[in-house]
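Notes to accompany the following structure.
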Amino acid sequence: MTDTDTQTADAVVRAAPMARLQVRLGDLGLARENLRFDEPADDGVPQLADTILAAGVVIPPIVRPGRKGEAAHMALDGRRRRLALLLLKERGAIDDDYLVECQLAETKAQQAAAILLPNTEHAPVHIADVIAAIGRLRKARMDTAAISKALGYSELEIKRLEALSAVHPSVLKALRQGKLTLKQARLFARIGDKTRQAEIAETALAGYFQDYHLRYVVEGGRLTVEDPRFILVGLERYVAAEGRVTTDLFGELPDTLLDPEILQSAWRDRVQPIVEHLKAEGLAVYIGQDGAFGAPEGFDRLGYVYHGDLGEAQKTALQAARHAAAQASAALQGLDPKTEDAPAAYAPLVSALVQVAAAPLTRDRIGAVMLSPANSDFGWEATFYSVPLPADELPDEIEGETEEEDDATPTYGRSTADVEVPRAEVEVEGSSHVLHEGRTDMATRGLIRDLADDPSAALTVLVAQLFKQLALQSSGALEESGLQISAKRYSFGTAPPVGSLDGEVKARLDARRTAYKASGLRPITWVETLAHGEKMALLAELTAMSLNLREGRTTSLRHAARAEAAEVAALCGADISAHWTPDSGFLDVHPKKHLLAMLEEMGVEDDRAKTLKKDDLVTFVAEAAAERQWAPSAVGWDRTDGEAAEAEEPADEPAAEPDPPAAAADPLAA
């Protein structure tokens, strides 16, 4: 046998697999060669012990024969498994006769490999792999208890991992690549729509994922125990009214309330003692979700109180009212708002707040109160509204006031960019504010009637108002205009107009602005000089420029606006492809699968498209669209077939009453 043959034979011997044998736990020691011989047991050993008790030792330890003074077999690899077995022995679950399947390293080479290689050959198991494995076990129809027993995890942890295993594969892919954290993956598990999961996960894989967007999708619109109404209602009262509560599986989000109408009804019942107290004081009381919207009909919002404008008597009254309110609030600090008697105990506080709101008033009095939920110690807040005092109740020093005191700060004669405002000459000497208000009120009512009888004049006034707000450089403030119609020109951040679309309309309005400035006239007079055709064209341009149908999120569809858009598109025979086809700026934000779908929609059959890189594919789609004068259906406003059918289908039942708008008040008394 040659030297080469000898070396080959030695290599075969060295490469022979280690023998397997069963070793009594009492005969299994830990070799000093083990790299972590001196390290104590870590916190994960107890769970490993539970797993071994349920499923046995899955990976056999590697042992060598014991030497003098050692156990019969010494573990070169498997220190934690041995510690887990010893822990089970301490618990009484096994004894020294428990058999452990091991691999025997007999040669020096095998023993050296056993010491070093397991730490480099075995990659740590990623949590994404554990989640996927749980999913496979569930598909194999293993129940939660069986999986828990087999793996040594608690049943709650198995349920959590099972929920994660149900997410879209792209989520686990992003988790495995480190593009998502485990906490973010748990947020995905709370989204019921897998298509939505995939869309957001793709942004993570592409590198532009935003955590706040994911949290908004999951947490937006959830009614939880952190709702301010819950401060006054409490869990016990809510559940007693058959309100349902769900607990977050992962224990990270507050409990969710599934019956908002029960919570609202319970909150209304809780504030009823406050309502009755305020009504007894002669005030109209409303209940609303938010007191920040406009005043109820017949009342006015309170203006900002500037301390320097108050008289000495008002300053003294305001200071005393604030002190009384602070004392009333301090007296209630130890009161639990969930107790039965808490709402009635708040009556002195709300009365004190009424006095604080009323102290700065001179020509008005507090007439109404809006009670709203609030994240405060008490669970509610009050917003106050005023009504004018009758003329015979005004203080003497106010009854004789005229506008002369206001001349130091002129409010007229100001220019708002393109619109020059002349100063009005009005005879007000000897007239009180109340008298002047009554005269102007009646004059307004008379002009309303006359303008309503003259459609041509009304058209001129409307076009002029829109022209000021959409084409001229005007402040657009309604208080500076006779016509209380407001409009806003469409824009999207700093993005410039698209030349062949809204850019064309903007150019037309710029030309009309130039013509208006050259005329030297004011808006209404200038519009009246236009021919009827020009006037109607200007009206169309201004109306079009005020459209805004943009939707910032796929979860914020503006259904009413879309319905109007479909109607407008049908009226004017809208076809965006007559003016524009997709360019690179529009197409760049689309993923490749959407670009390929566009080619399919155009009827382009070219196998080369699937092999193109993103930039080349964008150019290819843009050129194909330009050749065919084509635009995607997604940028049109035609209704779907289902929507059209639904609109034409006769209703068998009377339509349900629409929900009141979010800003609508709910009067309890008026």
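The table below lists the values:
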| quantity | calculated |
| --- | --- |
| If the convex hull is drawn through the Cα atoms of segment 533-599, its volume per residue in Å³ | 147 |
| Kirkwood-based Rg to Rh ratio, segment 63-104, C-alpha trace | 0.98 |
| Distance histogram for segment 121-265 (every C-alpha pair counted, 10 angstrom bins, percent rounded to whole numbers) | 10, 33, 29, 21, 6, 1, 0 |
| At q = 0.21, 0.33 Å⁻¹, base-10 log of I(q)/I(0) for segment 200-248 (Debye sum, equal scatterers on each alpha carbon) | -0.78, -1.19 |
| Nearest-20 debye value, segment 202-282 charge dipole, Cβ charges on Lys, Arg, Asp, Glu | 240 |
| Relative pair counts by distance (%), Cα atoms of segment 496-577, 10 Å bins | 14, 38, 30, 15, 3 |
| Cross-link pairs LYS506/LYS535; LYS593/LYS614; LYS173/LYS613; LYS179/LYS613 - those with Cα-Cα distance over 20 Å | LYS173/LYS613; LYS179/LYS613 |
| GluC sites (Glu not before Pro) within segment 297-378, DSSP loop, no more than 11 other Cβ atoms inside 10 Å | GLU297, GLU340 |
| Sites matching GluC sites (Glu not before Pro) across segment 248-290 that sit in DSSP coil, with at most 11 neighbouring C-beta atoms within 10 Å | GLU252 |
| Angstrom value of the Kirkwood radius, inverse mean 1/r, which spans all Cα pairs in segment 17-172 | 17.2 |
| 1.4 Å probe accessible area per residue over segment 109-265, in Å² | 54 |
| Amide H partners (placed H, <5 Å) of ARG24, local residues excluded | VAL100 |
| Value of Rg to Rh for segment 187-288 (Rh from inverse mean 1/r over Cα pairs, i.e. Kirkwood) | 1.17 |
| HN-Hα J in Hz across segment 353-364 - Karplus 6.51, -1.76, 1.60, θ = phi - 60°, x for Gly and Pro | 5, 4, 5, 5, 5, 7, 4, x, 6, 10, 9, 10 |
| Anisotropy class of segment 240-355 from Cα gyration tensor, a/c 1.5 cut | prolate |
| Carbon + sulfur, % of accessible area of segment 167-275 - ligands and nucleic acids excluded, 1.4 Å | 51 |
| For segment 197-256 and segment 508-564, distance of Cα centres in Å | 43 |
| Straight-distance crosslink candidates among lysines, where the alpha carbon sits under 25 Å from LYS338 and sequence neighbours closer than 8 are dropped | LYS279 |
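The values are calculated or read from the model by the stated rules, or taken from the named source; none is laboratory data. Small disclaimer: the values here were computed from a predicted structure and weren't measured. Using ideal geometry, Cβ is built from the backbone for each residue, glycine included, and neighbour counts are taken over all protein chains shown. In case anyone asks, the SASA skips ligands and DNA or RNA and just uses the protein heavy atoms, side chains included. Shrake-Rupley method; radii C 1.70, N 1.55, O 1.52, S 1.80 Å.
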